[in-house]
Amino acid sequence: MDNHVNKIVKTEQTLEEALRHAKFGCFNVCLIITSGFILANVILETFGISFVLPVSQCELNWTMTERSVLSSVTVMGIIISSHLWGYLADTKGRKRVILPTLILGFVFEFLASFSVNFWMFALLKLFNGIFVSGSSATIYAYIGEFHTTKNRDRAIMIASTLYGFGTIFMSILAWLIINQEWSFYIPVIGLTYKPWRLYMVACALPGLICGLVLFGFPESPKYLLSVGRDEEALETIKYIYEKNTKNKRDSFPVSKLLKEPLDEGSIIIEGEGNFLSTLCKSVWDQTAPLFNKQFIWLTLLICFLQFVVFSTANGMYMWFPDILNSVMEYNKENPDNSTYICEIYKEKIGQVFSGSHHGTACVEKFEISTYIYSIYVEIGYILGFAVISGFIKIVSKKYIIAFVLFVTGACGIVAVLVKHSTTANILYIILLVCALAENLLGSASVELYPTKLRAMSVCISLMFGRLGCVFGTFYIGAMLKDYCDISFYACGGSLIIAGLLAFFIPNAKKEPAIDSPVT
């Protein structure tokens, strides 16, 4: 017994070294799974609307402009709030932002399912987006800071693979719920509750569950250390050690965590004047270092790449079920005749919005093959994430990003040049898989910035990405009816250009200045 005690030598070590002592085990697996479902929840609440709008057309008589607004209003909420959430995550804590925003996001999505007109729907989805934003960017910093440099990239990519399963879940939910034929009238609010409304609630439910599960997880030790809460950071790592190794906490071989230069100093709000001006100054002080001489070109590059990828992946995905359903209906009616997908969609959308009552072409359920192709998109994500997880330690991240953008961009251009609809559908699916680059760029932001700028850097880059999503959704919505082919050309070409720019992303291991103290 005495010999065993003598072997436990308490030392002062860095956080990285302490995390290595804590091992990779049960705690990390649970954290990765939970983080994966949080990422999936962002997709469910943001893009579930792509299945809702076509089948709610007959009931609520949307105009094309209203559909474009509703497709992007959740993203607008994410944009206007992402900067604030990044600031709060860096100053108040990762968990303190993620947990309540998950629960409140569910509340507003639930209320939105009872919408009876455009303005009610748009307002509630806007608030839903504001709270979805809290977890959409902060989760990258949260999961990354529980892992060593050796395991960080792989942990984020595995969580992103689970995100792919979540998007499959979105299509399966739509298949199981939307195509049902039940409905019931709620006289108190004068509303007929139909399957598409229940589908909205089902898409938000994972957020509520993840929020409740997160009560059992600690705050990020990296964050705690960066704001001077050294003892809490050490206790958190001891907790991880206990869960992973099944050993008692007092056997953990680290007695104190050493501060690294980039973690020195707490981030607090102080100073004279009213709270709002002090808060704004503090937010600016937290943001300005991202645009100083040391980081400005990296920040601009990451933000631009996110803008391009989001505008294509998310903008084109918003209209994917509608376009695919039009093609599937056409093939069903014309089994021996194939034509370009843009010609099919322009004819279909013209019928939907013709006349004073938006025509008779609106539908309340999708062709089954539309759901199947939607699932193929998610399978493409999963396979892509799985392959990238295997190569992430072998091939530089920037080369993987460039390859993804080149291939998907080329497929987007070719998709409207082939007359065989099945081939065009497959190329369209590959175009959407450019979303793989979103998570790679998020991982790069965690790796290339110091601790107290990470959450803000990810939030800023994703804010530009969400701006791209809004731009892409509006642009594609405005162009598809009359200029469908130009939309595909523009998206494919911009991805290829972004792929060239990806070569300028620095390699953190070869760029020591990236980890130097912020001035």
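Which numbered condition in (1) in contact (Cβ under 8 Å) with a residue 60 or more places away in the chain; (2) open to solvent by 10 Å² or more (accessible area, probe 1.4 Å); (3) in contact with a helix residue (DSSP H, G or I) (Cβ under 8 Å, 6 or more places away or on another chain) is the only one that Leu88 fails?
(1)
Which one of Leu205, Leu212 is of a type outside the set (Asp, Glu), in a helix (DSSP H, G or I), open to solvent by 20 Å² or more (accessible area, probe 1.4 Å) and within 30 Å of Glu364 (Cα to Cα)? Before you say what the answer is, go through the steps one by one.
Working: Leu212 fails: within 30 Å of Glu364 (Cα to Cα).
When all the criteria are applied, what remains is Leu205.
Kindly check whether there is at least one residue in the stretch 112-121 that is open to solvent by 10 Å² or more (accessible area, probe 1.4 Å) and within 17 Å of the chain's Cα centre (by Cα).
Of the residues in the stretch 112-121, the ones open to solvent by 10 Å² or more (accessible area, probe 1.4 Å) are 114, 116-120.
So of that shortlist, the ones also within 17 Å of the chain's Cα centre (by Cα) come out as none.
Scanning the stretch 112-121 turns up no residue that is open to solvent by 10 Å² or more (accessible area, probe 1.4 Å) and within 17 Å of the chain's Cα centre (by Cα).
Has the stretch 19-27 got any residue that is modelled with pLDDT under 90, within 23 Å of the chain's Cα centre (by Cα) and over 20 Å from Arg197 (Cβ atoms)?
No: the stretch 19-27 contains no residue that is modelled with pLDDT under 90, within 23 Å of the chain's Cα centre (by Cα) and over 20 Å from Arg197 (Cβ atoms).
What's the number of the condition Leu198 fails, among (1) surrounded by fewer than 17 Cβ atoms within 10 Å (Cβ to Cβ); (2) in a loop (DSSP other than H, G, I, E, B)?
Unmet for Leu198, out of (1) surrounded by fewer than 17 Cβ atoms within 10 Å (Cβ to Cβ); (2) in a loop (DSSP other than H, G, I, E, B): (2).
Any idea how many residues of the stretch 363-408 are open to solvent by 10 Å² or more (accessible area, probe 1.4 Å) and of a type in the set (S, T, N, Q)?
Summing the residues that are open to solvent by 10 Å² or more (accessible area, probe 1.4 Å) and of a type in the set (S, T, N, Q) in the stretch 363-408 gives 3.
Scan the stretch 148-172 for residues that are β-branched (Val, Ile, Thr) and in a helix (DSSP H, G or I) and jot them down. Outline the logic, then answer.
At the first step, the residues of the stretch 148-172 found to be β-branched (Val, Ile, Thr) are 148-149, 156, 158, 161, 167-168, 172.
Answer for the stretch 148-172, where residues must be β-branched (Val, Ile, Thr) and in a helix (DSSP H, G or I): Thr149, Ile156, Ile158, Thr161, Thr167, Ile168, Ile172.
What pairs can you find where one residue is in the stretch 232-254 and at positive phi and open to solvent by less than 20 Å² (accessible area, probe 1.4 Å), the other is of a type in the set (Ser, Thr, Tyr) and part of a helix (DSSP H, G or I), and their Cβ atoms are less than 6 Å apart, with a gap of 6+ or different chains?
Pairs found: none.
What is the residue count in the stretch 279-314 for residues that are among the small types (Gly, Ala, Ser) and modelled with pLDDT of 85 or more? Steps first, answer last, please.
Let us first name the residues in the stretch 279-314 that are among the small types (Gly, Ala, Ser), namely 282, 288, 311, 313.
Then drop every residue that is not modelled with pLDDT of 85 or more, which leaves 311, 313.
Residues flagged as among the small types (Gly, Ala, Ser) and modelled with pLDDT of 85 or more within the stretch 279-314 amount to 2.
Give the residues of the stretch 307-346 that are over 15 Å from the mean Cα position of the chain (by Cα) and hydroxyl-bearing (Ser, Thr, Tyr), sorted by residue number.
Correct list: Ser326, Tyr330, Ser338, Thr339, Tyr340, Tyr345.
Yes/no per residue for (1) of a type in the set (Asp, Glu); (2) within 19 Å of the chain's Cα centre (by Cα); (3) open to solvent by 20 Å² or more (accessible area, probe 1.4 Å):
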| position | (1), (2), (3) |
| --- | --- |
| Ala410 | no, no, yes |
| Val416 | no, no, no |
| His420 | no, no, yes |
| Ala424 | no, no, no |
| Leu427 | no, no, yes |
| Ala437 | no, yes, no |
| Phe464 | no, yes, yes |
| Val470 | no, yes, yes |
| Phe488 | no, no, no |
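Condition check: part of a helix (DSSP H, G or I) and touching a residue at least 12 places away in the same chain (Cβ under 8 Å). Does Leu123 satisfy that?
No: the conditions fail for Leu123.
The values are calculated or read from the model by the stated rules, or taken from the named source; none is laboratory data. Given the structure is predicted, the values throughout are model-derived calculations rather than measurements. Heads up, the Cβs are rebuilt from the backbone with ideal geometry, glycines too, and the neighbour counts pull from every protein chain shown. Note: accessible area is taken over every heavy atom of the protein model, side chains too, but ligands, DNA and RNA are not part of it. Shrake-Rupley method; radii C 1.70, N 1.55, O 1.52, S 1.80 Å.
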